[in-house]
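Single-structure report; data block below.
The values are calculated or read from the model by the stated rules, or taken from the named source; none is laboratory data. Because the structure is predicted, anything quoted here is derived from the model rather than measured. Using ideal geometry, Cβ is built from the backbone for each residue, glycine included, and neighbour counts are taken over all protein chains shown.
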Ligand SMILES: Nc1nc2c(ncn2[C@@H]2O[C@H](COP(=O)(O)OP(=O)(O)OP(=O)(O)O)[C@@H](O)[C@H]2O)c(=O)[nH]1
């Protein structure tokens with residue numbers, strides 16, 4: 001089963017999810033900013049709504065106040081106070097000509113009769129008075145009043161009346177009214193004066209629209225929207241939400257004008273209020289879309305990259321796993337195989353590291369074993385020059401490795417050992433090994449070190465010997481023990497003298513020398529007389545002490561070059577180099593006399609008398625051997641015994657004399 005594209009898509013989808021999730025903090029932050037912006041924008045628009053309402057109300061108020069003041073001036077004019085209505089009518093007509101906003105000026109008496117109408121010649125006849133309630137209010141309150149919109153019989157357009165009292169002697173006897181077209185206020189409330197989505201309305205105290213910025217022809221004269229009416233009644237000037245007469249959801253502010261005779265309201269559509277929010281949402285949506293598109297593009301690109309990396313991991317981790325990897329994608333099972341392969345590789349890596357640590361430790365152990373072994377190691381090249389040498393052998397020799405590398409090993413040997421090495425090395429090159437070849441090394445301080453060398457050859461791939469590897473054992477202790485044993489083997493333990501073997505070997509050596517140099521040599525054979533009686537009388541231990549005393553007495557009479565030995569039992573021998581037979585007889589006589597005249601004094605103070613018999617023989621012919629001379633001396637000794645003991649006899653083949 002091959003790697004499936006859908007798995008690659010899944011990988012990419014996960015990356016898309018990741019990219020999407022990464023947007024969340026940005027979106028939350030953006031939403032917070034937008035809501036804050038919306039809140040502040042809404043507050044700003046509502047503040048603008050209040051300001052616009054207030055300014056419009058002030059403008060309407062200003063018109064009404066101006067009209068009121070003009071009418072009040074007419075009412076206080078001399079003609080009015082004098083009751084000269086004709087003259088007042090004339091003033092009113094001139095006033096109308098000046099104040100284009102005014103349609104007409106009328107004068108109404110307390111009975112509600114029209115005194116004059118400026119639009120017609122004075123006395124031209126009676127007209128019905130419009131909006132008489134307004135006139136009544138002025139008479140009742142004595143204060144100016146603005147009426148609702150009404151239609152005059154002579155004019156089709158709606159008008160309003162601004163009424164002021166005309167006082168005579170302080171009493172309101174007439175009402176002077178200025179007739180204004182509602183269109184006068186349309187200009188103030190025109191749509192041009194407010195932004196799109198805004199609407200301004202002017203209503204009377206009954207909630208009947210006097211003017212409106214939008215579609216006045218449809219709504220003037222009709223009741224205001226419920227929200228307008230509600231705000232009028234509440235009278236707090238706070239924004240209220242509701243629908244306008246157009247059915248538009250809006251927020252409105254309503255303020256009283258001219259002491260509550262009229263009300264001016266301004267509404268702003270909720271679409272305007274929420275426009276910043278909508279715009280922000282659009283911007284965020286656009287930002288999110290761009291962000292998402294970028295994230296998708298990155299995810300798409302990096303999913304391919306990741307897949308290539310995973311493939312590399314597959315190749316790396318499964319090199320020993322036979323997996324056929326197609327190019328088109330990953331499959332789940334193989335991904336698990338990859339993970340197994342990675343785990344396997346990690347295991348192998350750990351194992352390799354452990355093995356490496358073990359190998360390092362083993363190498364250090366081997367190195368330590370080589371360098372500080374209790375024996376020496378060295379390697380020589382085919383010419384016998386030093387290649388390597390361990391610390392142990394260097395320490396024995398007292399050299400540093402660099403002082404020896406490249407130098408012949410024979411430089412470290414005594415002459416005898418060098419000769420032995422020279423003889424053995426060619427054989428070694430042929431045979432490839434050598435065992436226990438003993439040499440004497442010459443140390444840096446001049447001391448000699450006996451060693452035993454065993455070696456084998458190192459060969460290259462072609463079978464050519466390239467070096468030797470040799471062990472070197474220190475033989476000094478063994479040599480010391482051997483020498484000790486040798487000494488023991490040559491020594492008589494009772495007297496400390498040399499024994500027969502020692503005597504015969506050294507006698508041989510002296511005899512050869514004497515023969516070589518043709519020098520005299522004599523031998524004495526000495527035997528304690530009746531020694532058996534000493535043992536029998538005093539015991540064997542005293543006998544031993546007597547033998548030791550005889551040895552000491554003899555030694556005292558001999559030269560250093562003379563060799564005294566105990567041949568066995570109570571028998572001694574003396575080798576006298578450079579001594580003629582006659583001289584030897586003198587020596588023997590001196591020995592005999594010395595022992596005979598001085599009883600052997602034991603450590604216990606016991607005096608044991610003792611005599612010896614001595615036979616003398618000397619080298620006579622070139623063919624004499626040690627045994628021959630000893631035999632002659634022995635024969636002379638027995639001759640002395642037979643002759644009565646305590647005497648010296650010289651070997652005479654024909655005639656032995658005492
Ligand atoms: N105490 C002691 N006695 C020894 C030793 N070696 C040999 N003898 C004794 O020496 C004696 C030698 O006796 P013999 O051979 O009869 O000779 P002798 O008594 O000296 O008599 P002549 O040689 O004829 O004068 C023997 O009794 C041995 O036991 C020894 O090492 N110590």
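Looking for whichever is surrounded by 17 or more Cβ atoms within 10 Å (Cβ to Cβ), modelled with pLDDT of 75 or more and outside the structural domain of residue 189 (by TED's automatic domain parsing) here; the options are 303, 280. Which one fits?
280
Quick check on the range 512-531. Is at least one of its residues within 14 Å of the ligand (Cβ to nearest atom), over 19 Å from residue 584 (Cα atoms) and in contact with a strand residue (DSSP E or B) (Cβ under 8 Å, 6 or more places away or on another chain)?
Yes: the range 512-531 contains one or more residues that are within 14 Å of the ligand (Cβ to nearest atom), over 19 Å from residue 584 (Cα atoms) and in contact with a strand residue (DSSP E or B) (Cβ under 8 Å, 6 or more places away or on another chain).
Looking at the range 155-190, which of its residues are surrounded by fewer than 19 Cβ atoms within 10 Å (Cβ to Cβ) and closer than 24 Å to residue 110 by Cβ?
Passing the criteria: 167, 168, 169, 170, 171, 172, 173.
Could you tell me whether residue 211 is buried (at least 21 other Cβ atoms within 10 Å of the Cβ), in contact with a strand residue (DSSP E or B) (Cβ under 9 Å, 6 or more places away or on another chain) and closer than 17 Å to residue 147 by Cβ?
Yes.
Does residue 496 count as in contact with a helix residue (DSSP H, G or I) (Cβ under 8 Å, 6 or more places away or on another chain), within 11 Å of the ligand (Cβ to nearest atom) and either in a helix (DSSP H, G or I) or in the same structural domain as residue 626 (by TED's automatic domain parsing) (or both)?
Criteria not met by residue 496.
Identify the single condition in (1) in contact with a helix residue (DSSP H, G or I) (Cβ under 6 Å, 6 or more places away or on another chain); (2) more than 9 Å from the ligand (Cβ to nearest atom) that residue 543 does not satisfy, given that it satisfies every other one.
All conditions are met except number (2).
Test each condition in (1) more than 23 Å from residue 259 (Cα to Cα); (2) surrounded by fewer than 16 Cβ atoms within 10 Å (Cβ to Cβ) for residue 92 and report the one that comes out false.
Just one mismatch for residue 92, condition (2).
Kindly provide the set of residues from the range 592-635 that are farther than 20 Å from residue 539 by Cβ and within 16 Å of the ligand (Cβ to nearest atom), ordered by number. Write out each step before concluding.
So the first thing to find is which residues in the range 592-635 are farther than 20 Å from residue 539 by Cβ, and the list is 592-598, 612-635.
Matches in the range 592-635: 592, 595, 596, 612, 613, 614, 615, 633, 634, 635.
With the checklist (1) within 12 Å of the ligand (Cβ to nearest atom); (2) in contact (Cβ under 8 Å) with a residue 24 or more places away in the chain in hand, flag the one item residue 508 doesn't pass.
(1) is the only condition that residue 508 fails.
Closer than 20 Å to residue 477 by Cβ and without any contact (Cβ under 8 Å) to a residue 40 or more places away in the chain: which single residue out of 414, 410 fits that description?
Answer to the check: 414.
Which of (1) out of contact with any helix residue (DSSP H, G or I) (no Cβ under 7 Å at 6 or more places or on another chain); (2) within 30 Å of residue 23 (Cα to Cα) does residue 260 not meet, given it meets every other one?
In the conditions (1) out of contact with any helix residue (DSSP H, G or I) (no Cβ under 7 Å at 6 or more places or on another chain); (2) within 30 Å of residue 23 (Cα to Cα), residue 260 misses (2) alone.
Based on this model, can you work out whether residue 242 counts as assigned to a loop (DSSP other than H, G, I, E, B) and surrounded by fewer than 24 Cβ atoms within 10 Å (Cβ to Cβ)?
So residue 242 fails the test.
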